[in-house]
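Taken together, the values in this text are just the output of simple stated rules run on the coordinates, not laboratory data. What you see is a predicted model; the values in this text were computed from it and never measured. For neighbour counting, all protein chains shown are included, and Cβ atoms are generated from backbone atoms with ideal geometry for every residue, glycine included.
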C-alpha cells in the first residue's frame, strides 16, 4: 500500500526530530537501550495517531509529549501499588517533632563559617560572583524572597 504525500511529509518532518528526541529520552531513562526503545515506541505511536496531529503546529513538542507520556506510563507501571495513609492513624511522632519555626536552610547556612563562604564566592568567575552578590543584596534588601520569587509591593 503506497503512502499518501501527506503521510510521507509527516514521516519526513517527524524524522528531523529523531536526534533531539533521543537526547531527551536519554535524559529521562539514563540508559541508551531504554532511550532507543522509548523513541521507537514514541515514533510508532506518532505514526499510529498521525491523524490527530494538526499540520502547522509544533511537531517536536507533539513528539516530546507522546514520549513523555510513554515514559510516565512505563514508570507508573513499574511502581508498586500505592499505599493509603488514611487508615494509619494520627501522626503522633510527626506532631512531636514538628517545629513550626524551623528553617533548615538557615540552620545549615548558620553552621557554615562566614570566611568559607567568602572564600568560595571569591573563587567564582567574575560574572558568577556578581550574580551571587546581587542575589544576596536582593534578598537582604527585601526585593526578593530567599526562594527567588519577587514580593508584591502594596
Quick one: if the Förster radius is 30 Å, what FRET efficiency do residue 61 and residue 37 give, using the C-beta to C-beta distance and rounding to 0.05?
0.90
Residue 118 versus residue 12: modelled label distance in nm, points set 7 Å from Cα along the beta carbon direction
6.5 nm
Please find the FRET efficiency linking residue 143 to residue 27, where r is the Cβ-Cβ separation and R0 is fixed at 25 Å, and quote it to the nearest 0.05.
0.15
Between residue 132 and residue 49, the two model label points (7 Å from Cα along the beta-carbon direction) sit apart by a distance in nm of 4.6 nm
